[in-house]
1. List the residue pairs whose Cβ atoms are under 9 Å apart, where the first residue sits in the range 268-289 and is under 19 Å from Trp125 (Cβ atoms), the second is at pLDDT 90 or above and among the hydroxyl-bearing types (Ser, Thr, Tyr), and the two are 6 or more positions apart or on different chains.
2. Within the set of pairs 6+ apart or on separate chains, which have a first residue in the range 169-195 that is closer than 24 Å to Phe14 by Cβ and in a strand (DSSP E or B), a second that is of a type in the set (Lys, Arg) and at pLDDT 85 or above, and C-beta atoms under 7 Å apart?
3. In this structure, is Gly120 touching a residue at least 24 places away in the same chain (Cβ under 8 Å), out of contact with any strand residue (DSSP E or B) (no Cβ under 6 Å at 6 or more places or on another chain) and surrounded by 15 or more Cβ atoms within 10 Å (Cβ to Cβ)?
4. Inside the range 27-60, can you point out the residues that are in a strand (DSSP E or B) and closer than 20 Å to Phe270 by Cβ?
5. Any idea which residue in the range 375-411 is farthest from the chain's Cα centre (by Cα), counting only those that are over 14 Å from Asn423 (Cβ atoms), hydrophobic (A, V, I, L, M, F, W, C) and not in a strand (DSSP E or B)?
6. Would you say Val398 is of a type outside the set (D, E, K, R) and modelled with pLDDT of 90 or more?
7. Does Thr128 count as over 23 Å from the mean Cα position of the chain (by Cα) and of a type in the set (Ser, Thr, Tyr)?
Amino acid sequence: MSSLIVLLPSIGTFDAENWQAVAMPYALFDRRGQLVRAGSAHRDAWPKAASTVLVLAARDTLLVDVTLPPVTGTKLRRVLPHAVEEYLIGDAQQGHVAVGPATSGDAARSVAVVDRKRFGDVIDWFDTAGHRRVRAVPLIHCMAMGGGEQADGDGHGEANVLIVSPPVPSEVVEESESDPPRLELAFQRGTSGFGFETRASALDATIAELSKHESVRVHVLVVDAHDDVESDAATASDMLERRAGHSEMLPVARKLPWEVLARGALDCRFDLCQFEFARNTRADGGGWRRWRVPAGLAIVSAVVAIATINVQWFQLRHRQDALNAQLTARVKAAFPDTTVMLDPPMQMRTGLERLRTAAGELRANDYLVLSASLSRALGPIPSDAIATLDYRDGALAVAFRPGTAVDGDGFRQRLQAQGVTANEEDAKWMLGSTRPAPR
């Protein structure tokens, strides 16, 4: 897929509105990795691509080599701040710590530290602009120039220094050639390194200081303007190149074309979008394609479950209809005079009550039956505590003398055990039978 490489200004200067006016170096590669276009332009003028690779300034990423325990995931995330805190001045918990890819035969891992809040703001800025598939790489890991931690003829270590004129708003570039914008230096030693800012007037002294302890190879990042609008970064790079060529301290400063650095960013395997920022690299259609099979299985499972429930419901409904038909036939056989069948179970119970009444058996809601059930259910309530008994329409109203201790729940449960319902209304207990009255 196509990739857009963008060289960012320092995220320490991030401001959503001001960055709109910054012309940033970019390079577009096709899906075969071939360079299609390169230049410098504002965000709205960048060509479209399937993925975006952000090159973070060296001054924003501290790169150190540390030995990490064999843990992953959440445990690794908890360990990382403690592994790098000795290299930091501020609070390690405020930094986003990312781990570089493992190299065979080396226990040490390259670890990058970035300001978490500002890094998150920049990622959100690109996401808002429609860059859904984003990864970020440290500039130092894009410097495929060799020489890092090699030894020169005297046996001293050798490092690389890249001089970068960072992208800035147009109004800042309007300075004289004798006083160019501030410069950024990226210092690379193997997979570790750091960056800092310096004035162009102090460039010679800074290079001399870096060369005191080891040999350095100096490079100058050159960005050519290929767009209609003259590139601010290219203009600054031209001024820097002329200064480097005339400097006594930089007699052999080499040019590093932006396209070469962009190629290194495209091939860089160190993605800073890890842990809480990892989701930004998968918020595109490709992520959805990875979920198509699980989503399809979930939908099929839901359809099968719904179909199974419907089949079971039809089976239970069929059984209920069969039982109702069987009970209806029994009611008609036992009570031939029943012409309308509305509720076979209730009509069967009512008919049985009528038969009991016709045989001289007391009905369940007769006064004698209810009062006898009351007597058996009194329990701890003394019988002389009953003040009045009032029987009417198959219901017995019981009133207790004032001050009588009645265990309401226990009394109700004892009555239910006798087949009697109980409801307390206006200091009276209304008793009735749970069996239906004959019609």
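1. Note: pairs meeting the criteria are Leu272/Thr61; Thr281/Ser51; Asp284/Ser51.
2. Between residues of the range 169-195 that are closer than 24 Å to Phe14 by Cβ and in a strand (DSSP E or B) and residues that are of a type in the set (Lys, Arg) and at pLDDT 85 or above, the close pairs are Glu184/Arg59; Gly195/Arg59.
3. Yes.
4. Passing the criteria: Ala27, Phe29, Ser51, Thr52, Val53, Leu54, Val55, Leu56.
5. Ala385
6. It is true that Val398 is of a type outside the set (D, E, K, R) and modelled with pLDDT of 90 or more.
7. No; evaluated as a whole, the condition is false for this residue.
Conditions (1) modelled with pLDDT under 90; (2) surrounded by 20 or more Cβ atoms within 10 Å (Cβ to Cβ), marked per residue:
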site	(1), (2)
Leu240	yes, yes
Ser247	yes, no
Arg263	no, no
Asp267	no, no
Glu276	yes, no
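The values are calculated or read from the model by the stated rules, or taken from the named source; none is laboratory data. What you see is a predicted model, and the numbers here were worked out from it, not measured in a lab. Using ideal geometry, Cβ is built from the backbone for each residue, glycine included, and neighbour counts are taken over all protein chains shown.
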